[in-house]
Each structure stands twice: as structure tokens, then as C-alpha cells.
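Report on the following structure.
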Amino acid sequence: MKVVILGGGFGTRLSEETDVLPKPMVEIGGRPILWHIMKIYSYWGFNDFIILTGYKSHIIKDFFINYYTRYSDITIDMSANSVEIHRHRTEPWRVTALYTGQDTFTGGRLAMAKEALGGERFMLTYGDGVSDVDLNALLKTHIESGKIATLTAIQPSGKYGAITIGENNTIESFNEKPDGDNAWINGGFFVMEPSVFEYIQKGKSVILEREPLESLARHGALGAYKHNGFWKSMDTLRDKNELSQIWINGDAPWALWERK
């Protein structure tokens, strides 16, 4: 199953870092947060990625093109014009980077990935959030629900867009910026059927979290997988520093691969 990662935004609230890097390439513990996200999926057996790029997309592409030598031990013999690789450090990933425009919103980016997904069920997440979510349980919940899309619902302490969950974990409403704390909110980590594209119009200005998800909710076609574990998005420099400190402390809840 393919995993789509939204990685093309400007990350304006993290401008201290994103003036020179696309947001998914901002580092946590010496590795881009994009790497952390992909390691989460890889831990659960999902290794086929489509990254929807935009702002400074060349930096994301260069990272994967040079990944093999970046994280391997090498000897460079400049007089012989040769490179010897001693220890291979790589991942079982297949990575497709799709350029979806610098100013395109989330729905427009996803619409541009339709052909690459080949009419199959897929996973989707944002390029700035980590979690210890059980992706196999998420997938099982989605399949059993018969919904067109299922999102991971979490309860952070701050104010975010909220969703109302009714019987059988059906989302009854989707509101991007309501009042109130401790509501269930959209934490990303979606599973979607190919029919979701019937709800997503093409166009740079289409925002996934507005009409597409709101319409799915109105039609009873949007489900929720409730996750009570760790989740955090990297929206600001403070968030970045908090995630970095968690990683430095050696107890990052999302680093499930470290506990194999």
C-alpha cells in the first residue's frame, strides 16, 4: 500500500528553519522529520512512499538521491577517482517525489497524486507530525468501517480544529477552527479509498481539510480511529525544540523501530 506524504508547504510559523529548508526537512536529532515519519510507516511494513513536494522541492529530492552515500561509510580516493563504500546504511523504501507546485493547497496536491496511486487504497499523512499510532490497527478499523476515509483522531491540550464522533466511530462534523480545548482533532495518519477523489476537485486552491473532509463527514463517509497515545506536530520553533529534546533524552515514543 502506498503512503502519501504532504510535504510542499511553506511552514511559515517555523520561518527560523524554513527560510532555508522545506518544513519536512527540518531536523529532529540530526535527521529530517520526514525521515522520522517514514521510519514510523516502515516499522509497520509500509515502504512505498509518494512525497508531494512544492516549496524547495529540490532539497527533498537531493536528500533521497544522496541518501545512500550520506549514511554509509566511504573512502574517496581522489587520485584514482574512485569511491569505496564500506558499510551500507539504507532503507527498504521506494520513494516517488511529485512536484505539486509551490502555492498549491493540500487538496490540490493530493488530487495531483491520483494517477500515481493507480486506483488503490492508500495512506496519507502530513510532513510535520509524529506519533506512536498503531498503523495496522488504523487500517483494520478503516476496512471494517466501510468508510471512504478514516483519520486518526487525537486529543491534544491546545486549541485545534475539532471533529464530532458519533456512533460506530462515524465523524458527524468536521470544523477546522472551533472553540474549546480537549476536543478530538484531526491528527492526520489517514487511510483512504480511491473513491475519495470524487470529493476532491482539482485546483491549486483546494484545501483538503475544508470542503472535501467536510463533505465526507456530511455524507457519513469519514471515520475515526481514536488514538490515545503520543502525537505531536511541528508547527513552531518551540515544537521543534521540544521534539528534539525528547529525541535527545532517548525516549521518543514515536521511535518504535528503536525498540525492535
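The values are calculated or read from the model by the stated rules, or taken from the named source; none is laboratory data. Here the structure is a predicted model, which is why all the values come from computation and not from measurement. Reconstructed Cβ throughout: ideal geometry from the backbone, glycine too, with neighbour counts over all protein chains shown.
Thr104 meets the conditions (1) closer than 23 Å to Gly203 by Cα; (2) more than 23 Å from the chain's Cα centre (by Cα); (3) of a type in the set (Val, Ile, Thr) in every case but one. The failed one is (2). A single member of Glu84, Glu120 is out of contact with any Cys (no Cβ under 9 Å at 6 or more places or on another chain), assigned to a strand (DSSP E or B) and surrounded by fewer than 21 Cβ atoms within 10 Å (Cβ to Cβ), and it is Glu84. Under the condition of being crowded, with 17+ Cβ neighbours inside 10 Å, β-branched (Val, Ile, Thr) and either in contact with a strand residue (DSSP E or B) (Cβ under 7 Å, 6 or more places away or on another chain) or assigned to a loop (DSSP other than H, G, I, E, B) (or both), the residues counted in the stretch 1-32 number 4. Out of the residues in the stretch 80-126 that are hydroxyl-bearing (Ser, Thr, Tyr) and free of Cβ contacts under 8 Å to residues at least 24 places away in the same chain, which is nearest to Leu139 (Cα to Cα)? Selected residue: Thr90. Residues that are exposed (fewer than 12 other Cβ atoms within 10 Å of the Cβ), among the acidic types (Asp, Glu) and in contact (Cβ under 8 Å) with a residue 24 or more places away in the chain do not occur anywhere in the stretch 56-79.
Going residue by residue through the stretch 96-117, is there one that turns out to be part of a helix (DSSP H, G or I) and in contact with a Pro (Cβ under 6 Å, 6 or more places away or on another chain)? Yes, because at least one residue in the stretch 96-117 is part of a helix (DSSP H, G or I) and in contact with a Pro (Cβ under 6 Å, 6 or more places away or on another chain).
Could you check, for the stretch 58-79, whether at least one of its residues is in contact with a strand residue (DSSP E or B) (Cβ under 9 Å, 6 or more places away or on another chain), within 18 Å of Leu124 (Cβ to Cβ) and not hydroxyl-bearing (Ser, Thr, Tyr)? Yes, because at least one residue in the stretch 58-79 is in contact with a strand residue (DSSP E or B) (Cβ under 9 Å, 6 or more places away or on another chain), within 18 Å of Leu124 (Cβ to Cβ) and not hydroxyl-bearing (Ser, Thr, Tyr). When the stretch 188-228 is limited to residues that are among the hydroxyl-bearing types (Ser, Thr, Tyr) and in a helix (DSSP H, G or I), the one that is nearest to Arg109 (Cα to Cα) turns out to be Tyr199.
For the stretch 123-132, the set of residues classified as more than 12 Å from Gly9 (Cα to Cα) and buried (at least 18 other Cβ atoms within 10 Å of the Cβ) consists of Met123, Leu124, Thr125, Gly129, Val130, Ser131, listed by residue number. Would a scan of the stretch 30-46 turn up a residue that is under 26 Å from Leu256 (Cα atoms) and out of contact with any helix residue (DSSP H, G or I) (no Cβ under 9 Å at 6 or more places or on another chain)? Yes: the stretch 30-46 contains one or more residues that are under 26 Å from Leu256 (Cα atoms) and out of contact with any helix residue (DSSP H, G or I) (no Cβ under 9 Å at 6 or more places or on another chain).
Pairs are defined by a Cβ separation below 9 Å, a sequence spacing of at least 6 or placement on different chains, a first member in the stretch 1-21 that is closer than 17 Å to Gly129 by Cα and touching a residue at least 60 places away in the same chain (Cβ under 8 Å), and a second member that is assigned to a strand (DSSP E or B) and among the small types (Gly, Ala, Ser); the pairs so defined are Gly7/Ala97. Only one entry in Tyr99, Tyr68 is at pLDDT 95 or above, more than 14 Å from Val3 (Cα to Cα) and either among the hydroxyl-bearing types (Ser, Thr, Tyr) or in contact with a helix residue (DSSP H, G or I) (Cβ under 8 Å, 6 or more places away or on another chain) (or both), namely Tyr99. Does Ile200 satisfy the criteria of being among the aliphatic types (A, V, I, L, M), touching a residue at least 40 places away in the same chain (Cβ under 8 Å), out of contact with any His (no Cβ under 7 Å at 6 or more places or on another chain) and loosely packed, with under 13 Cβ neighbours inside 10 Å? So Ile200 fails the test.
Exactly one residue among Asn168, Asn182, Asn175 is polar (S, T, N, Q), over 30 Å from Asp251 (Cβ atoms), loosely packed, with under 14 Cβ neighbours inside 10 Å and modelled with pLDDT under 95, and that residue is Asn168.
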